[in-house]
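Only the coordinates and a few stated rules stand behind these numbers; no lab work does. Predicted, not measured: the structure shown is a model, and the values here were computed from it. Positions of Cβ are generated from backbone atoms using ideal geometry, with glycine treated the same way; all protein chains shown enter the neighbour counts.
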Amino acid sequence: MKKFIKITEQPSHYTHLEKMSVEEILSNINQEDKTVPLAVERSLPQIEKLASVIGDKMLAGGRLFYIGAGTSGRLGIVDASECPPTYGVPYGLVIGIIAGGDKAITHAVEFAEDSNEQGWNDLKKYDVNDKDVVLGLAASGTTPYVISALEECSKHNIVTGSISCNPNSPVSAAADYPVEVVVGPEFVTGSTRMKSGTAQKLVLNMISTAVMIQLGRVEDNKMVNMQLSNIKLVDRGVKMVMDKLNLRDYEKAKELLLKHRSVKRAVEAVNSNK
C-alpha cells in the first residue's frame with residue numbers, strides 16, 4: 001500500500017504572517033494561488049476518466065451526486081445549483097449533499113463529517129442507484145462521512161469518483177475514479193478553503209462543463225438552453241437568437257426567445273417553418 005502523507009496539514013511555507021504588511025499577505029497568497037492550475041494540469045488524465053464515465057452514465061439516464069463536508073460540500077452544492085440555470089437541465093439531475101444538511105451550508109455543524117453512516121443515509125433519501133454516479137469531495141481525503149458513503153455505493157454497484165488534495169488518500173482508495181490535485185501546504189497552515197478549495201472548484205467546473213457539453217446542452221460555444229431568469233440572461237439569449245438566425249431586429253428576436261423560452265427552441269421553431 002502506498003504511503004499516505006497529509007500534505008494539506010503540513011506547515012505553511014511562510015512564517016509570522018501577522019508581521020506581514022497587507023501588500024505582502026496578498027502578494028504571497030497570489031503566488032501560492034498561481035500554483036493551483038499547474039497542479040490541476042497534472043491531474044488531467046484522472047479528470048478525463050471521471051468526466052467521461054459521468055457523461056456516459058448521465059447519457060444513459062443517470063444522475064450525478066456530489067457529497068462532501070465543510071468547504072468541499074459547499075463547493076459541490078454551488079456547482080450542482082448552477083447547472084439548471086446555466087444549462088437548462090432539470091433540478092435533481094445534479095445533486096449536492098453536505099454533511100450536516102442545509103444548515104451546514106452557512107453554519108458549521110460540529111462533528112457532522114465524522115459520521116460513518118450518515119453519508120449513505122443522506123444518499124438513500126434520493127433513491128440513489130446503479131444508474132447514478134457519486135462523487136466524493138474531501139480536500140484531506142480522510143473525511144469519514146464521504147469515505148463511508150463511497151464504500152456503501154461500491155457495495156451497491158454505484159460508480160464512484162473523488163476529488164482530494166492529498167496523494168494516496170483513503171477517499172481515493174474508496175473511489176473507482178479518484179482525482180488527486182496535490183497543491184501543497186496552505187498559506188495559513190491547514191486552511192484548505194484556500195488552495196485546496198480553489199483546486200476543487202476548478203475541477204468541478206471542468207467536470208460539470210464537460211458533462212453538459214456531452215449532454216448536448218451547449219452549441220458552438222453558447223449556453224443555448226440556459227434559463228431566462230434575469231434581464232442579463234434574457235439579453236444574452238436575444239443576442240444569441242439574432243446571431244443564429246441572422247436577425248437585426250432585437251425586439252423580434254426577444255419576442256421569439258420569450259415565446260419559446262430558450263435559444264435552442266426559438267431557433268428550431270423558426271428553422272422548422274422555413
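At a glance:
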read-out	value
Note, ³J(HN,Hα) from phi for the range 222-235, Karplus 6.51, -1.76, 1.60, rounded to Hz, x at Gly and Pro	10, 7, 6, 10, 4, 6, 8, 9, 7, 4, 4, 6, 4, 4
Amide H contacts under 5 Å for Met226, placed H, 5+ residues apart	Val263
Positive-end residue of Val78, Ser52, Gly62, charge dipole of the range 26-90 with Cβ unit charges	Gly62
Rounded to the nearest 20 debye, dipole of the range 7-214 from Cβ charges on Lys, Arg, Asp, Glu	340 debye
Of the chymotrypsin sites (Phe, Trp or Tyr not before Pro) in the range 1-100, those whose Cβ has at most 11 other Cβ within 10 Å and which sit in DSSP loop	Tyr91
Amide hydrogen neighbours beyond the local backbone of Ile95, cut-off 5 Å, H modeled	Leu64, Phe65, Tyr66
Cβ-placed point charges (K, R +1; D, E -1), dipole of the range 139-228 about Cα centre in debye, nearest 20	220 debye
Formal net charge of residues neighbouring Phe65 (Cβ-Cβ distance under 14 Å; K, R +1; D, E -1)	-2
Read-out mean projected area of the Cα convex hull in nm², derived from the coordinates shown; its label in (i) 15.2; (ii) 14.1; (iii) 17.6	(iii)
³J(HN,Hα), Karplus 6.51/-1.76/1.60, whole Hz, each residue of the range 145-150, x for Gly, Pro	3, 7, 4, 5, 5, 5
The range 210-264 versus the range 138-170: alpha-carbon centroid distance in Å	38 Å
Selected from Ser162, Thr192, Thr143, residue furthest toward positive end of dipole (the chain; charges at beta carbon)	Ser162
Backbone HN-Hα couplings from phi across the range 104-110 [Karplus 6.51/-1.76/1.60, Hz, Gly and Pro as x]	6, 5, 10, 10, 5, 10, 4
Filter on Lys57/Lys103; Lys201/Lys252; Lys6/Lys34 - keep pairs with C-alpha separation over 29 Å	Lys57/Lys103; Lys201/Lys252
The chain, helix-only ellipticity at 222 nm - DSSP H runs n ≥ 4, -39,500 (n - 2.57), divided by all residues, nearest 500	-15000 deg cm²/dmol
Under-5 Å amide H pairs with Gly161, H placed in peptide plane, nonlocal only	Val134, Leu135, Gly136, Asp176, Tyr177
Estimated inter-spin distance, Tyr250 and His107, nm [label 7 Å along Cα→Cβ]	4.6 nm
